[in-house]
Amino acid sequence: MTSADPVALAEALIRCPSVTPDEAGALAFCEKVLAEAGFATERVTFSTPGTPDVENLYARCGTGAPYLLFAGHTDVVPPGDAGRWRHDPFSGTIEDGVLYGRGACDMKGGVAAMLAAAIRFVMANPGFGGSIGFLLTGDEEGPAVNGTVKLLEWAKARGERFDHCILGEPTNPKHLGDMIKIGRRGSLTGHLTVHGRQGHVAYPHLADNPVHGMVRLISALLAEPLDAGTAHFAPSNLEMTTFDVGNPASNVIPAEARATFNIRFNDTWLPATLAAEIERRLAAAAGNAVRYEVAFAPTNATAFVTEPGDFVTLVQDAVEAHTGRRPALSTTGGTSDARFIKDHCPVIEYGLVGETMHQVDECARVSDIEALTAIYETVLGRYFMPS
Ligand SMILES: [Zn+2]
């Protein structure tokens with residue numbers, strides 16, 4: 001196997017059953033491939049009480065500036081019932097030009113393309129002058145506390161300074177060339193409790209029904225949009241995710257009602273300002289009539305955007321050069337490790353087609369893996385040797 005062949009690299013990575021937090025040989029494989037190509041590599045393990053230890057890999061080639069960092073994860077979500085897959089989820093089988101396996105698109109195929117592109121580039125341009133790095137974690141699909149966030153702090157403490165980062169998550173909805181992510185929404189979860197007084201449904205004047213109070217509060221939260229959206233973001237969205245009374249009896253007014261909501265918010269808000277706005281709306285709706293509490297879960301997901309500029313344009317041009325499509329600049333989707341990277345350098349996300357991520361029969365077109373490698377190579381060429 002040649003390490004410049006991204007499909008062979010992707011197959012080998014899929015054959016490591018690296019379900020979070022198991023490393024299962026995936027990072028060791030990346031380390032070996034990078035070390036053979038002349039990268040200085042380091043394996044770093046982080047621990048936090050109450051969460052599993054997680055292995056990570058940092059690698060760098062070159063000592064000069066500018067420094068372009070590739071980031072990604074080699075852990076995968078569980079395959080579920082392997083019998084429902086057309087091929088064993090960890091076999092890395094190619095059928096009709098499609099590579100099947102857990103992680104094929106999210107994101108071992110993307111990691112393989114980054115590795116192959118960087119190795120091809122440093123082999124062809126040994127004196128390129130800048131630095132290319134890899135920041136690979138085994139903790140993206142899990143709690144994400146012992147992965148990228150700590151690895152970035154570790155690198156910073158060693159004096160590593162990055163100029164730009166590409167995170168290879170699967171950003172394209174249908175076709176390579178659809179979409180680059182230049183930011184992500186934040187996420188805030190709130191837990192709402194309304195207190196009442198239990199009693200007989202036929203004697204409501206002797207009770208206080210918390211369900212009615214909860215309906216009033218939820219209605220207030222859903223009544224008005226949180227904002228109208230911003231230059232790069234859709235309007236923030238609040239979704240009610242639970243409404244629990246847990247009352248087995250139809251003739252009893254319950255004592256308490258609980259509800260949970262999650263807000264995916266844009267750059268109008270910080271978690272604290274958004275929480276304050278929610279509290280204001282709840283207080284206005286409750287008046288003196290509803291006794292309630294709201295508690296917000298801690299969040300490390302703030303909204304961010306990498307403003308379009310030279311770097312974003314460079315990546316967009318490279319994608320268009322190989323796919324014939326001008327990728328849209330988007331901030332849609334869930335959170336990703338980019339929310340940590342943005343505190344260290346401008347970051348964009350671009351990778352494979354994500355249609356089958358986390359699904360049974362996760363897969364990636366072989367031709368997409370090869371084209372993504374060519375795109376990354378073009379980015380490297382134009383980044384380090386602008387014409
Ligand atoms: Zn992923």
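Looking for something closer than 30 Å to Asp208 by Cα, acidic (Asp, Glu) and more than 15 Å from the ligand (Cβ to nearest atom) - is there at least one such residue anywhere in region 338-359?
Within region 338-359, the subset closer than 30 Å to Asp208 by Cα is none.
No, the conditions are met nowhere in region 338-359.
Would you confirm whether or not region 214-221 contains a residue that is assigned to a strand (DSSP E or B), among the hydrophobic types (A, V, I, L, M, F, W, C) and over 30 Å from Leu136 (Cα atoms)?
First, the residues of region 214-221 that are assigned to a strand (DSSP E or B): none.
No, region 214-221 contains no residue that is assigned to a strand (DSSP E or B), among the hydrophobic types (A, V, I, L, M, F, W, C) and over 30 Å from Leu136 (Cα atoms).
Look through region 354-366, keep the residues that are closer than 15 Å to Lys108 by Cα and more than 19 Å from the chain's Cα centre (by Cα), and return whichever of them is surrounded by the fewest Cβ atoms within 10 Å (Cβ to Cβ).
Residues of region 354-366 closer than 15 Å to Lys108 by Cα: 354-359, 361-366.
From what is left, the residues that are more than 19 Å from the chain's Cα centre (by Cα) are 361, 365-366.
Details: Asp361: 16, Arg365: 20, Val366: 18.
For region 354-366, the residue satisfying everything is Asp361.
Under 8 Å between Cβ atoms, which residue pairs at least 6 apart in sequence (or on different chains) link something in region 151-172 that is closer than 23 Å to Thr323 by Cα and acidic (Asp, Glu) with a partner that is away from the ligand (no atom under 14 Å from the Cβ) and open to solvent by less than 10 Å² (accessible area, probe 1.4 Å)?
Here the result reads none, with nothing in region 151-172 linked to a residue that is away from the ligand (no atom under 14 Å from the Cβ) and open to solvent by less than 10 Å² (accessible area, probe 1.4 Å).
So, of the residues in region 147-160 that are buried (at least 21 other Cβ atoms within 10 Å of the Cβ) and within 16 Å of the ligand (Cβ to nearest atom), which turns out to be farthest from Thr45 (Cα to Cα)?
Going through the qualifying residues, I end up with Thr148.
Looking at the structure I just gave you, is Arg60 more than 18 Å from Ala8 (Cβ to Cβ), out of contact with any helix residue (DSSP H, G or I) (no Cβ under 7 Å at 6 or more places or on another chain), of a type outside the set (A, V, I, L, M) and buried (at least 19 other Cβ atoms within 10 Å of the Cβ)?
Details: more than 18 Å from Ala8 (Cβ to Cβ): yes; out of contact with any helix residue (DSSP H, G or I) (no Cβ under 7 Å at 6 or more places or on another chain): yes; of a type outside the set (A, V, I, L, M): yes; buried (at least 19 other Cβ atoms within 10 Å of the Cβ): yes.
Here the answer is yes, as Arg60 does meet what is asked.
Considering only residues that are hydrophobic (A, V, I, L, M, F, W, C) and either within 21 Å of the chain's Cα centre (by Cα) or surrounded by fewer than 15 Cβ atoms within 10 Å (Cβ to Cβ) (or both), which ones fall in region 17-43?
Those that are hydrophobic (A, V, I, L, M, F, W, C) and either within 21 Å of the chain's Cα centre (by Cα) or surrounded by fewer than 15 Cβ atoms within 10 Å (Cβ to Cβ) (or both): Val19, Ala26, Leu27, Cys30, Ala35, Ala40.
Name the single residue, out of those in region 47-75 being modelled with pLDDT of 95 or more and within 24 Å of His358 (Cβ to Cβ), that is nearest to the ligand (Cβ to nearest atom).
Within region 47-75, the match that is nearest to the ligand (Cβ to nearest atom) is His73.
Can you pull out the strands (runs of 3 or more DSSP E) entirely within region 33-124 that have at least 1 residues that are touching a strand residue (DSSP E or B) at 6+ places or on another chain (Cβ under 8 Å) and farther than 24 Å from Pro346 by Cβ? Lay out the reasoning, then the answer.
Values: elements: 40-48, 51-61, 67-73, 93-95, 98-100.
Correct list: 40-48, 51-61, 93-95, 98-100.
Could you look through region 319-353, keep only residues that are closer than 16 Å to Glu140 by Cα and among the small types (Gly, Ala, Ser), and pick out the one that is farthest from the chain's Cα centre (by Cα)?
If we take residues in region 319-353 being closer than 16 Å to Glu140 by Cα and among the small types (Gly, Ala, Ser), then Gly351 is farthest from the chain's Cα centre (by Cα).
If I filter region 120-144 down to residues being under 30 Å from Pro52 (Cα atoms) and surrounded by fewer than 21 Cβ atoms within 10 Å (Cβ to Cβ), which single residue comes out as farthest from the ligand (Cβ to nearest atom)? Write out each step before concluding.
Residues of region 120-144 under 30 Å from Pro52 (Cα atoms): 132-144.
Then keep just the ones that are surrounded by fewer than 21 Cβ atoms within 10 Å (Cβ to Cβ); that gives 142-143.
Details: Gly142: 11, Pro143: 14 Å.
Within region 120-144, the match that is farthest from the ligand (Cβ to nearest atom) is Pro143.
The values are calculated or read from the model by the stated rules, or taken from the named source; none is laboratory data. Treat the numbers as computed from the prediction; the structure is a model and nothing was measured. Every residue, glycine among them, receives a Cβ derived from its backbone with ideal geometry; neighbour counts consider all protein chains shown. Just so you know, the surface numbers come from the protein's heavy atoms only, side chains and all, with ligands and any DNA or RNA stripped out. Shrake-Rupley method; radii C 1.70, N 1.55, O 1.52, S 1.80 Å.
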